[in-house]
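The numbers here are math on the coordinates, done by the rules we state, and not lab data. From a predicted model like this one, the values you see are computed outputs, not experimental measurements. Note: ideal-geometry Cβ built from the backbone for every residue, glycine included; neighbour counts use all protein chains shown.
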Amino acid sequence: MEARVWTGDPNRPTTDAVAVRGDRVVALGSADVREQIGTGTEVIEADHASALPGFQDAHCHPAQAGNNMLRVWLNDDANQTAYLDHIGRYAAEHPEEPFIVGGGWAMEAFPGGTPRKEDLDAIVPDRPVFLFNRDVHGAWVNSKALQLAGIGRNTPDPGDGRIERDPRSGEPSGTLHEGAAYSFNDRYVPLPDTKAWQNAIRTAQQHLHRLGITGWQDAWVTPATLEAYRALAASGELTARVVGALWWDRHAGLEQLDTFLAQREIGRVGNFYPTTVKIMTDGVLENFTGALLEPYCDGCGGTTDNSGLTYIDAEQLAAAVSLLDRNGFQVHMHAIGDRAVRNCLNAVEAARRVNGANDLRHHIAHVQVIQPEEIPRFAQLDVVANCQPFWAQHEPQMEELTIPYLGELRSERQYLFEDLRRSGARLAMGSDWPVTTADPLKEIEVAVRRISPDHRDTPAFLPEQALALETALSAFTAGSAFVNHDPDGGILRVGSRADLTLLDRDLFADAVLPADATVTMTVAAGKVVYDGSSTR
C-alpha cells in the first residue's frame, strides 16, 4: 500500500508505504516494501491519500447500538416530528411486536429535555413503548408502558432515579430518568436472546469497520451480551479485537466478584477479552444526576439544593476498586461531575495504597467537569483519561441543558483535554456510540477544533483546550490500544498486527479537516473487513 502513512510510532511517525503479509506488517517505506512484492501481491496505490493504524474506540456500546439499529433507531432523525413519524411507521410495519423498543432521541428536541407520553399515545395506543434517549440515561414511555409497570401519581421515585411528573397533576408525564428507566428496562422490556444479540453485534461491527475501527472496549457487557460475544469470537465472526467491560450492579456489593471471576474465565475466547469491570459512579448533567461538589444552578441566576447523585458512595467505590484491582481487573469508571471524578481518583489512590502499583490501566470515562487540583492526579495515579471529544462543542444540549445549570465558572472546566495532556496524563478516546457518532474522524475534528464538523461557522468551545492533530490521532489509536491492553494496536511498525485504515485524502494536507476525509478501506489483522473502493 503506497500512501502517506502516519504510523503512530514516535521513532518513525511517517513513511510512504506499508506491506502486509498474513496478519503482520512486514515492511515500511517504499524501498523495503518493493522488495516484498511478488507474484500474487496486491498493490494499492493511493496517491494523495493517507493510511493510519486502525482506530480503537475506548468507550462505546455496540451491542445496544446494533440492537436499536435493527429496531427503532432514532439517532439519524432530527426532531420530535421525525421521531414520531419513525415510531409510528415502525409500529405500523410490525403489528406482531407486543412491545415497541429502541432509542436514540435527543433531549434538546423536547422542552426541558423531557418528552411526553401523550405524543406516543397518539401513534401507539395499543402497545407499550420504551425508548432510551441517546445517552441512555433516560427513557420515553407511553401510557401503556406506565400502566404495565404500575407507575402512577403515588409511585415514589427510586433512590437512583426520577419519574418525571406533570407539574399540575403530579401524574407521570412520560420520561423516566436513570434508575427509573433501568429498572423498567430490566423488569418489563423483552430482552433479545443470544442469537438476536449476535445479530446486533454483527450489525454494529459492520458499521464500525466502515469507519476504520478495528477494536473497541464495550462499556456495557451483560451476561447476555457476554454470551453473544463468546459465540461470535469462537466462530471467527468477531473480526475486531474487543475488550468487554462487565457491568457492576450498583444495587449489589463486593460479592459480585465471584461472578466477574467466572465471567472472565469462561468469556475469554478468540478476539474477546472480558477483563474489565465498568462502574457507573454518577449520572449526567442534563437531567441533574451528574455528581457535583456544589449544587446545580437553577438556570435563572440562582442555585438549587441538588448536587446530583452518586450511585456508589465514595467509601464503597474505594472498596470495590481495591477489590477488583487486587484480583487483576481493570476498572472502567463513568464520571461526569467534578464530585464523581474526585471520588474515582480517590478510589484508585486507595487501591494503590493497599495493593501497590500495577499495570491494570484503570481509566475514568467522560471526565466532563474537573476541578483544577484533580488534573495532575491522573498522571500521579497512572489513571487514563478516557475522553469523548464530540461533546466538547457548542450545540443545543450544551447551551440549553448544561451551561445554564452549571454556571459560568464550572462551564469553563468542561472537557479539559489539553490541560490533562499538559499535566502528563495519558489520553484515550472513545465515542460513547450510540450517544454520539461513532465516526473517529468527526470525533477527532472536535478534539482539535472544539467546533462541530456539521456547523463549522459556530464559535469554538473553550478553544484553549484543543489538541494537536497528532495528539488526537494518537489518543484514538495508541491511547485506546493502551487502555485495551493491546500491545500491537494503535501503531504501525514491522512485526505489529496489521490493523490499518486507509483514507481518501491526506489528513495532514493544508485545508483538509479530519471530517472531510472518508475511510475507503479497513484492515483488521491483515484481513480486509471493509472496502469502499469502487475500483477494486
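A few remarks follow.
- Assigned charges on the beta-carbon of Lys, Arg, Asp, Glu; the chain dipole about Cα centre (debye): 1160
- Average silhouette area of segment 1-111, convex hull of alpha-carbon atoms, in square nanometres: 12.6
- Residue exposure sequence - Asp77, Asp439 - by fewest surrounding Cβ within 10 Å: Asp77, Asp439
- Cβ-based exposure ranking for Leu401, Leu473, in which fewest neighbours within 10 Å come first: Leu401, Leu473
- Contour minus Cα-Cα distance for Glu464 and Asn199 (0.36 nm per residue): 91.1 nm
- The simple spin-label model puts a point 7 Å past each Cα toward its Cβ; for Asp359 and Leu293 those points are separated by 3.4 nm.
- Considering only Cα atoms, the convex hull volume of the chain works out to 154 Å³ per residue.
- Listing Asp432, Asp135 from fewest to most neighbouring C-beta atoms within 10 Å gives Asp135, Asp432.
- Cα principal axis extents for segment 277-483, largest first, Å: 50, 43, 29
- Simple spin-label estimate for Ala224 and Asp531 gives 3.7 nm between the two label positions (7 Å along the Cα-to-Cβ direction from each Cα).
- For Lys195, the lysines whose Cα comes closer than 29 Å to its Cα, not counting residues fewer than 8 places off in the same chain, are Lys144, Lys278, Lys527.
- Computed extension gain for Asp305 through Arg422, at 0.36 nm per residue and net of the alpha carbon distance, reaches 38.6 nm.
- Net charge in the neighbourhood of Asp488 (other residues with Cβ under 11 Å of its Cβ; Lys, Arg +1, Asp, Glu -1) is +1.
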